[in-house]
Amino acid sequence: MFDSSFHYVMVSSFDVAFVEDRASQAKDKCHLNRSSSIYSLLCTRGLLLPTNSGPFRCHVPFVNLEGTRFYPLLFSSLLSTSVKVSDLEGKVVGLFFGANWYPPCRGFTQMLVGIYEELKSSVPQQFEIVYVSSDEDLDAFNGFYGTMPWLAIPFSDLETKKALNRKYDVEGIPCLIMLQPDGSKDDATIRDGVELIYRYGIQAYPFSKERLEQLHEQEREKRENQTLTNLLANQHRDYVLGQSGLIQVPIASLVGKTVGLYFSAEWCVPCAKFTPKLISIYHKIKQELSEKGSEEDFEIVLVSHDRDKASFDSYYGTMPWLALPFGDPEIKNLARHFDVQGIPCLVIIGPTGKTITGHGRNLINLYQENAYPFTGEKVLQLEKQLTEEAKGLPRLVRHEGHRHELNLVSDGNGGGPFICCVCDEQGSNWAYQCLECGYEVHPRCVTNAPERDNNVVVGR
């Protein structure tokens, strides 16, 4: 039970006080054991977390655990109240390692807030999150934590934060560690919570290994039974949009075609660069198929991640292909199904309705319209073609705009995927590379050189 004598301290946003010397002494005894008990994991120095709204007054009761540990108090930004760590027992607890200065943390936090609020509404007594901060200072912590509705380790409690980082080998942020109520079983801990939230959202709850096995089995069955219709349609909609959203195109009319699902958004800078290129390639592929009189056909469907309808209308208005309606529920399902980690992303679905590749964007950048129909056989053919063409290329070149000689390299000889320093497009297989500074260009960006001298080319 708690000691009946309470100790009062004043805590401002710039000052966190110790409560009695016992709290300072207890920190050396507080340790993390292998049991992963929520008590031992969150044992701190008896400190209070600073509030975002200025000084406040509260009492700090001590309780001795096994003669060596004290229950700390955590702070809830939503309620502006302290919370006993003992209140977390019996709950699924997520340890959220993050920082305000890293943009991916800010983006993930927005998504996690939505998941958290939904779970707190449906299972209020069974789930909680604790923020473990890597913010650079108290002001930054206060600002970032002010956007979160969950609990946090006090900013000043470096010992606990370092211990948690060490225990779970946290090597990058954002990181979300999920602890089960039976935390004594170390193998029950889920360490890839960020990926699970991105991939499954609230469906991942209660974030147990049994639940993940169920989700993986559902994914396997969905892949085996995948068709274009069950990917794009639902019980309320059997069409996609065409002609800038003015007409409805039956999804059934796409069956038997090669279809690219284009995950993109107007606010995305890389999308703004890739979309015009994709439009050009789209027209070229359609024209080539038409000129051949081929029964094959190619289509693209925009899967928009725009933030509002006006942005969607503006962005889609620049495109010649089809689209899912703005805000359609299948958008999130598709992103989850194909594990889309970022945009722009082009997933290619074959005429049978099965996935050909999730790397359509890379293939477009590498091979332009020649990438069609994006199959493994086609890619292998293109790679062999590039290898044959490389046999006629000079081993060394000089390129305008770079002071060093460039060496011809391949995947097996010092090369690999790269971004061309001339056209800023992706490259692979063969490249001209500066061995001194890593400068790389496509062979096509120097082969039209006006001069040759002793097998050294002066580039454009």
If the label point sits 7 Å along Cα→Cβ of Lys162, residues of segment 127-152 with amide N under 18 Å come out as 132-138
Quick calc, Glu171 & Glu369: beta-carbon distance into FRET formula, R0 45 Å, rounding 0.05, result 0.65
Simple SL model, points at 7 angstrom along Cα→Cβ for Leu215 and Ser121; separation in nm is 2.0 nm
The Cα extents of segment 212-275 along the principal axes, largest first and rounded to whole Å, are 38, 30, 23
Protection proxy (average C-beta count within 10 Å per residue), highest first, orders 379-390, 137-148 as 137-148, 379-390
Stretched fully, the stretch from Asn413 through Asn225 gains (0.36 nm per residue minus C-alpha distance, one decimal, in nm) 63.5 nm
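Would you work out if segment 228-382 is rounded, prolate or oblate? Take a ≥ b ≥ c from the square roots of the eigenvalues of the alpha-carbon gyration tensor; rounded if a/c is under 1.5, else prolate when a/b is larger than b/c, oblate otherwise. Please list the in-between numbers first.
Details: a/c = 1.44, a/b = 1.27, b/c = 1.14.
Taking the square roots of the gyration eigenvalues as a ≥ b ≥ c, segment 228-382 is rounded.
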If amide H atoms are modeled at 1.01 Å from N in the peptide plane, then the residues at a separation of 5 or more from Val249, or on another chain, having amide H under 5 Å from its own are Val240, Leu241, Gly242
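Where a number appears in this text, it was derived from the coordinates with a stated rule and is not lab data. Here the structure is a predicted model, which is why all the values come from computation and not from measurement. Virtual Cβ from ideal backbone geometry, glycine too; neighbours counted across all protein chains shown.
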